[in-house]
Amino acid sequence: MTTPAPPPLFSVVINTYNREQSLEQTLEGLRYLDYPRTEVVVVNGPSTDGTESLLEAWKDRVKIARCAERNLSVSRNVGICAAAGEFVAFIDDDAVPEPEWLDQLLAGYDSPMIGATGGIVYDHTGYTFQYQYSTATRLGNANWNLTEPAERLCYPGTFEFPYLQGTNTSFRRSALLDIGGFDEEYEYYLDETDVCLRLIDAGYVVRQLPDAFVHHKFAPSDVRDTNRVTRYRYPVIKNKIYFSLRNAQAHRTLPEILEDNARFVASQHADVDFHVQGGRLTALDKEQLGRDADAAWRRALERGMGGERELITPEKLGRHAQPAHVLPILRPAGERMTICFLSQDYPPTHAGGIGRFTFDLANALARLGHNVHVLTRGAGHHRVDFERGVWVHRLVVGERPMPAEAKALGVPAHIWNHAATMRDEVARIATHRRVDVVEAPVWDAEGIALLLDGRFPLVTSLQTTLRIALESHPEWARDEAFMRDFGAPMLAIEKLLFERSAGIHSISRAIAERIAADYGVSFDGPRLGLVPLGLDDRSLEPAGPAGDGVRLLFVGRLEKRKGIGELLEVAPRLLERHPGLALTLVGDDTIPNERGRTYREEFLERHAGRDFLARVRFAGKVPEASLYDHYRDCDIFTSPSHYESFGLIFVEAMMFAKPVVGCDAGGMPEVIEEGRCGLLARPGDAQSLFDCLDRLAGDAALRGRFGERARACYEERFTAARMGRLAEEFYRGMVR
C-alpha cells in the first residue's frame, strides 16, 4: 500500500517593522490554521521596539530573516528567497487569518496556470469588508466596488485587471521567480498590484476567492496614524506615477498618463485639505505634501522612463535561502471542534460571574486547539477580535422579529432581541465552518432563540435560575405585574431549555440536583456533563511579608443570600476575642437589605465608637487586579453564603493557598474539603460560623496546613486546563 504524498508546503511571509504587539497576535493566529504543512517566515525591518525580543521567543517555531531597509518590496523579496514552500502567502503584521485560510487559498490552484490566489479581507471591525473583489487599470486607478471576481480580465496586455490585497494574497513561488518577484521601487503602495499585472502579462491567472478570510486590524504606522489618516504621501504619489509609466505606455500616450497623474496628485491635495479642515491633519502636513509631491514627480519620472527594474537575482536567492521549517500547529488530540459561547458579560468590561467563567473556559479550550467563539454585548457597532486564541464577537443588540412559537411562550421582547441577535451571529459563523456546539447560560435564557431555531446543538449551562433568584428577592415574587409579564414566562422558558437542550453543563452535582427538583426535569444520562469550574493561575506573584495579626477576607455582594448578616453579627465577638484580627469586606456594599438600609450603614451605625472598627474595612467593588491582591494578602477567606451553585470565590482563595470557610450548602461541599483545606458552617447559623472562624483565627499551624492543602486541591481539581479537558470530553460525546 503506497503512502499518500504529503500536501505541499505553504510558506507564510510576514514583513514587519515596529509592530511587536500586533505581530505576536498574528503569530498566535497562525497556530490555529487547519493546513498541516505551513512554515512562517518573519522578515524584520530595522525595528527599534521589542520585535527582536519577540522573535527570539519564537525562533524555534518560525524562520527569521532581516531587511535593513524600510521598503516593503525589498522585504517581500527577502521572504520569497527565504521561503521553501511551493506556495508563498503574505499576511500583514497587524492581521489574523481564519483557520481555513491556507486550505482555501490552495484550493484555488487547480491548474498550473494559476499564479496567484487571494481571499476576502475584513477591516478593523472584523465585521465589514476592507477588500472583496477589485480591479485596477494600468494607470494605477482601482475599482473597489466589484461584487464578483474579475478572472475574465486575466490575459496578457489587458488594460484592466484583477489584483489581490497585499495582506491576503498567495503566489505559486515558481511564478514569482519567473517574473523576478516584487519591483523594489515600490517601498509601499501598488506593490502587489504591480506583481499581479506582471503575472497576468506573463500568462498566469490571478484568482480572487470568495473565502480565505483575513482580519486586518490597521495598526498605526509611520504612513498612517491611529485614525487611519495617511500622513506620509510621498510613496503613494511616487508609486502611482511610476506604476503608470512602467505599465501604461502601450495603452495611453505620455500626455494622457501625465494628465491622469496630475489629477491624482490634485486629489491628494484635496484629501489633505479635507483632513486639515476636520482637525485630523495640520497646516504643516499640507506644506509637507507640497514638498513630497514635487520629490515624487522627480523620482517617478526618472525611474519610470528608463532603467531596469530592481528584482530578485540569483545572488539574492542564494544569500537569503533557508531550509524548510514547519510551524507546530496547535491541535487537539482528536478532531478540532468549533465551539460558541454566549455570555452577556465578558472581560474586560465585566470580570465576575458568568463572564469570568466563560473567559476561563473559552481560553482553556482554545489552548487545546479548538476554534472558540464568544458572543457578547458590544456598543457602537459590531466587531470581531482575536483575543488569546479566542474569537470575541462584540455585538450590538437590535430588534428581531419574534416567531409565533416565541410569542406563544411569552418571551419578553428584550430577552428575545438579545437571544436572536446571538443566534444570527452563530448562523453567520456557520457560513464559514461547521458549528459543533453552542453553550449558553440559563440566566436570561440566552439560548432560547437557538433552541427554537434547532440548527445548532445547544448546551445550557446551569447557574443561578430565576426560581433561585426569587428566593433572594421575595419582593419580585409579590409583584403581580412582574410575575405576569416576566417571571412566569421566564420560569416556563427555563424549564423548556432544561427539557430540550441537547446537553446540560452543570458546574456541580448540587446545582443539577437542585434545578431538577425545582423544575421537575431529569438530567440523567449522557446529556448531563459535570464540569466543575476552573481558573487560570493568577497567584504568580508572591505574597508580601506577613504582617502582624490575622487578616480575614470576605468577597461577595453584601446581601442576605451571601451570609453577610451572619458574618457582621459575629464580627464584633471575633475582633474582640482576637485583638490582632482585621476584617476586609470586598464587594458591592450599596445593596439595600430587607429593611431598606445597607449592611454597611447598619454595622457602622450600630458599633459607632467601638475600638475594633479601626480593624474593619469596607472596600466596596474593586478592579480584578486589586481583588487578587486582597486574596494574596489575607490569612483566612470566608463567604458564608446560604447557597452557591458552585463557589468560584473559594477556588480563587485556594489558588492563593488560603484556608477557606464556607457553608454546608449547594456546591460548596464539592469545592471545600471539610477539615483538610477549610471548614463548613451551617448555612444561616451565626454561632456555627463563629466557631469555624474562631478556630482558624487562633491556630496559625492549622491555617498553614489548610492553606497548603487548599493550593494542592486547586492544582488537582480546579485548574482551567482540567476544566477544558472535561468540557472537551463532554462536547465530543455530544458531537458523536
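Screening the candidates Gly126, Gly157 for the property of being more than 28 Å from Phe10 (Cα to Cα) and either aliphatic (A, V, I, L, M) or touching a residue at least 24 places away in the same chain (Cβ under 8 Å) (or both) yields one hit, Gly157.
Filtering Ala404, Ala420, Ala413, Ala408 for residues that are closer than 24 Å to Gly503 by Cβ and of a type in the set (A, V, I, L, M, F, W, C) leaves a single hit, Ala420. What number of residues within the stretch 240-255 are small (Gly, Ala, Ser) and more than 23 Å from Glu184 (Cα to Cα)? Total satisfying the criteria: 0. Within the stretch 589-609, residues that are on the phi < 0 side of the Ramachandran plot and basic (Lys, Arg) sit with their Cβ atoms under 7 Å from residues that are surrounded by 15 or more Cβ atoms within 10 Å (Cβ to Cβ) and part of a loop (DSSP other than H, G, I, E, B), at 6+ positions apart or across chains, in these pairs: Arg600/Leu558; Arg600/Asp589. None of Ala516, Ala492 is of a type outside the set (S, T, N, Q), surrounded by fewer than 20 Cβ atoms within 10 Å (Cβ to Cβ) and either within 21 Å of Glu644 (Cα to Cα) or under 31 Å from the mean Cα position of the chain (by Cα) (or both) except Ala516. Between Ala379, Ala321, the distinction of being among the aliphatic types (A, V, I, L, M), without any contact (Cβ under 8 Å) to a residue 60 or more places away in the chain, more than 24 Å from Val435 (Cβ to Cβ) and surrounded by fewer than 19 Cβ atoms within 10 Å (Cβ to Cβ) belongs to Ala379 only. Taking the conditions exactly as written (under 26 Å from Ser73 (Cα atoms), of a type in the set (D, E, K, R) and at pLDDT below 95), does Asp292 satisfy them or not? So Asp292 passes the test. Can you report the number of residues in the stretch 168-218 which are at pLDDT below 95 and under 20 Å from Leu102 (Cβ atoms)? Residues in the stretch 168-218 being at pLDDT below 95 and under 20 Å from Leu102 (Cβ atoms): 1 in total. Of all residues in the stretch 646-664, those that are buried (at least 23 other Cβ atoms within 10 Å of the Cβ) and either of a type in the set (S, T, N, Q) or closer than 14 Å to Asp685 by Cβ (or both) total 3.
With respect to His630, is the statement that it is modelled with pLDDT of 95 or more and touching a strand residue (DSSP E or B) at 6+ places or on another chain (Cβ under 8 Å) true?
Numbers: modelled with pLDDT of 95 or more: yes; touching a strand residue (DSSP E or B) at 6+ places or on another chain (Cβ under 8 Å): yes.
Taking the combined requirement at face value, the residue satisfies it.
Go through the residues of the stretch 447-464 one by one and say whether even a single one is surrounded by fewer than 16 Cβ atoms within 10 Å (Cβ to Cβ), closer than 30 Å to Arg428 by Cβ and either in the same structural domain as Ile672 (by TED's automatic domain parsing) or not charged (D, E, K, R) (or both). Yes, some residue in the stretch 447-464 is surrounded by fewer than 16 Cβ atoms within 10 Å (Cβ to Cβ), closer than 30 Å to Arg428 by Cβ and either in the same structural domain as Ile672 (by TED's automatic domain parsing) or not charged (D, E, K, R) (or both). Each residue in the stretch 581-597 was checked for being within 27 Å of Ala625 (Cβ to Cβ) and either assigned to a loop (DSSP other than H, G, I, E, B) or within 38 Å of the chain's Cα centre (by Cα) (or both), and 9 of them qualify. Screening the stretch 56-172 for strands (runs of 3 or more DSSP E) wholly inside it with 2 or more residues that are among the small types (Gly, Ala, Ser) and in contact with a Ser or Thr (Cβ under 7 Å, 6 or more places away or on another chain) returns the ranges 114-118. Set side by side, the residues Arg331, Arg400, Arg336, Arg433 differ, and just one is closer than 27 Å to Pro489 by Cβ and in a loop (DSSP other than H, G, I, E, B), which is Arg400.
Would you be able to say whether some residue in the stretch 423-435 is closer than 30 Å to Gly334 by Cα and among the polar types (S, T, N, Q)? Yes, that holds for at least one residue. Within the stretch 49-66, residues that are in contact (Cβ under 8 Å) with a residue 24 or more places away in the chain have Cβ atoms under 7 Å from residues that are polar (S, T, N, Q) in these pairs: Asp49/Asn18; Thr51/Thr16; Thr51/Asn18; Thr51/Asn44; Lys63/Gln322, counting only partners at least 6 apart in sequence or on another chain.
The values are calculated or read from the model by the stated rules, or taken from the named source; none is laboratory data. Keep in mind that what you see is a predicted model, and the values were worked out from it rather than measured. Glycine gets a Cβ as well: all are built from the backbone with ideal geometry, and neighbour counts include every protein chain shown.
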